[in-house]
Structure formats: C-alpha cells, structure tokens
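The values are calculated or read from the model by the stated rules, or taken from the named source; none is laboratory data. All values derive from a computational prediction rather than experimental measurement. Using ideal geometry, Cβ is built from the backbone for each residue, glycine included, and neighbour counts are taken over all protein chains shown.
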Amino acid sequence: MLLENKVMLITGASKGIGRGIAVGAAKHGAKIGINYAGDDAAAAATVAEIKAAGGEAFALKGDVSDPQSAKDFIQAGVDHFGKIDSFVSNAGICPFHAFLDMPQEVLERTLRVNLHGAWYMSQAAANQMVKQGHGGTLIAVSSISALVGGEFQTHYTPTKAGVLSLMQSTAIALGKHGIRCNALLPGTILTDINKDDLADDAKRQYMESRTCLGRLGQPEDMAGPAVFLASDLAGYVTGASLLVDGGLFVNLQ
Ligand SMILES: NC(=O)C1=CN([C@@H]2O[C@H](COP(=O)(O)OP(=O)(O)OC[C@H]3O[C@@H](n4cnc5c(N)ncnc54)[C@H](OP(=O)(O)O)[C@@H]3O)[C@@H](O)[C@H]2O)C=CC1
Ligand SMILES: C[C@H](O)[C@@H]1OC(=O)[C@H](O)[C@@H]1O
C-alpha cells in the first residue's frame, strides 16, 4: 500500500485513464475524489467500484475549463477528507479534425479544456497544498503527443506539450513548498477518446505493431506509474516526464 492516509483528486475520472488511476490509487489506500464533465452513470460506477473494494470516494461534476470548477473541486476534497495530498490533472478531449478547415470553436474548446483546465485545476490544488504546509504532488496527464505530431491532432498536440511544460514550470515554482510536479505521457491507450479512430481494424493493428510490447495500452496500465509518482518512492522526482507507451516512441525501425 503506497498511498495509505493520502488523498488524491483526479479530473476526468468517470472513465478511461482517469478511472484507471482512481481505482488503482484506491487499491493502494488513497481516498479518492473524481471530477467529470457529463456522464453521471459512469462517475457513479467509478465511485461504486472503489467503495465496493473497501475504499472511500466521491464524485463532483464540473467543466475543468471553468475556473470556478477548480475551486469547487478542491473545496469538495477538503470537505470530504480534510486535505489534498495528490492532484492528477487528467481531463481532456481530442476531437480529431483536419488542419486546413479546423472550426475555430473546435480549436478553442480543445485549448480551453486541455490546457486552461489543467492550469486552473493545478493552481487551485497547489494553493490548497501550500496552505496545508506539508507538500504534495501534482501529476498531469500529458501524452506522447507532446513529443510527436498527429495529422488530425494539430489543435490537440500543442495542449499536451503545454501540459508537460506546465509541470516543468510548476516544479520550479512549487519545489520550495515541497510540492513535486510531474507529467505522465501515455502512448495509445484504449478508451472512448479514440474508440472511433481505432474502430478501423487496419489502423488499430498498425498502431499495435508500432509498440515494442505488441499491444495498445489499457487504462489500468496508467495506474502504477501514477501511484509511483504520487508516492514517497518518488520523493526526489520532480519536473520529470514518464512515457507509458509500450515502447511506441522509441520504435523507429
Ligand atoms: N487514450 C489515449 O490514448 C491517450 C489519452 N491521453 C490523455 O488522457 C486523458 C484522459 O483521456 P482518456 O481517458 O483517453 O479519455 P476518455 O474520453 O475515456 O475520458 C475523458 C474523461 O474526461 C472527462 N472530461 C472531458 N471533458 C471534460 C471537461 N471539460 N471537464 C471535466 N471533465 C471532462 C470525461 O468526463 P465525462 O465522460 O463524464 O464527460 C471523462 O471522464 C486526456 O487528457 C487525454 O488527452 C493522453 C495520451 C493518450
Ligand atoms: C486520442 C489519441 O488516440 C491518443 O491521444 C494521444 O494523446 C495519443 O497520442 C493518442 O494519439
């Protein structure tokens, strides 16, 4: 149990990677708060799964692109559990679209949710940790896409590079408060975000063949790396980025 007596809040955890991290951290003893945008049933199922295994959890709906949602989520964490030790900024969208005719609203929504949302949430969590006075950890779910491009992700990949950069700069700003800030860079993980894109068998098989391990990731694959970064095992790790991609990035030929 690496997170006993720790409180972890996670955005975008009704499903997918956020849910995988929430359930995995709860198994390591963390008390969990999850944020989500719209899927009440999925959020309730995440909370129920954690409680059924003997853990503690709550869910709060809120759009991360609204700064008030960040304040409300942090306050809910304090109201439920009295403190926040670890904050995972995970919520994100990737509406695949070609570059040349990208609608302005798709671009701006993606920036607001993925980058502004991570910024507001990280700032609110950090202020609470500074107030508590005993340090903490911020983890941002960036992406392999912070390092490499995507033809239909020209609006998305800059947000993932931005989130990686956010953790590097907050590591500097918050180190004096004992707050460690790190980024997770998933490769391709099978979730709703890419369900349509990977419905094409040829594309899916191609992406599988690009990994060293011969398979795409599952949300549970993200739990161990997140638990590690949140735990005291990573006590001297800050400003770092951890690829969790089955060897996709290194596999040139
Ligand atoms: N899957 C992958 O291959 C990869 C994903 N990532 C990143 O991982 C993160 C999670 O993605 P993934 O799990 O795949 O996606 P999913 O679509 O499976 O889950 C997205 C989650 O984010 C929530 N969400 C969406 N918009 C908002 C919002 N405005 N405010 C609050 N919550 C919101 C959703 O809530 P609800 O459903 O309730 O609306 C849901 O809980 C994203 O940041 C993504 O960029 C990075 C690399 C690879
Ligand atoms: C949504 C994509 O499948 C996924 O998102 C990322 O960040 C990865 O690069 C994958 O392309």
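Worth pointing out:
- Enumeration of residues in region 147-194 that are touching a residue at least 60 places away in the same chain (Cβ under 8 Å), away from ligand 2 (no atom under 15 Å from the Cβ) and not small (Gly, Ala, Ser): MET167, GLN168, ILE172, ASN182
- Cβ separations smaller than 6 Å between residues 6+ apart or across chains give the following pairs from region 195-210 residues that are near ligand 2 (Cβ under 10 Å from one of its atoms) to residues that are of a type in the set (S, T, N, Q): MET207/THR188.
- Only one entry of GLY16, GLY24 meets the criterion of being in contact (Cβ under 8 Å) with a residue 24 or more places away in the chain and touching a Pro at 6+ places or on another chain (Cβ under 7 Å), and that entry is GLY16.
- The residues listed here are HIS155, HIS116; of these, the one that is buried (at least 17 other Cβ atoms within 10 Å of the Cβ) and either of a type in the set (Gly, Ala, Ser) or out of contact with any helix residue (DSSP H, G or I) (no Cβ under 7 Å at 6 or more places or on another chain) (or both) is HIS116.
- Cross-chain or 6+ apart pairs with Cβ under 6 Å, region 223-239 first and over 9 Å from ALA25 (Cα atoms), then aliphatic (A, V, I, L, M) and surrounded by fewer than 22 Cβ atoms within 10 Å (Cβ to Cβ): PRO225/LEU242; PRO225/VAL244; PHE228/ALA234; SER231/LEU2; THR238/ALA171; GLY239/ALA171
- Breaking point among (1) modelled with pLDDT of 95 or more; (2) surrounded by fewer than 24 Cβ atoms within 10 Å (Cβ to Cβ); (3) away from ligand 2 (no atom under 16 Å from the Cβ), for TYR36: (2)
- When GLY162 is tested against the conditions (1) of a type outside the set (Val, Ile, Thr); (2) crowded, with 16+ Cβ neighbours inside 10 Å; (3) in a loop (DSSP other than H, G, I, E, B), the lone failure is (3).
Every residue, every condition in (1) of a type in the set (Gly, Ala, Ser); (2) away from ligand 1 (no atom under 15 Å from the Cβ), yes or no:
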residue	(1), (2)
ALA171	yes, yes
GLY187	yes, no
ASN194	no, no
ARG210	no, no
LEU216	no, no
MET222	no, no
GLY239	yes, yes
ASP245	no, no
VAL250	no, yes
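- Yes/no for GLY24 being in contact with a Ser or Thr (Cβ under 6 Å, 6 or more places away or on another chain) and not hydrophobic (A, V, I, L, M, F, W, C): no
- Residue within region 120-131 that is surrounded by fewer than 21 Cβ atoms within 10 Å (Cβ to Cβ) and among the basic types (Lys, Arg) present: yes
- Here PRO225 meets the list (1) outside any helix (DSSP H, G or I); (2) touching a strand residue (DSSP E or B) at 6+ places or on another chain (Cβ under 8 Å) almost entirely, failing just condition (1).
- With respect to (1) surrounded by fewer than 18 Cβ atoms within 10 Å (Cβ to Cβ); (2) in contact (Cβ under 8 Å) with a residue 40 or more places away in the chain, the lone exception for ASP72 is condition (2).
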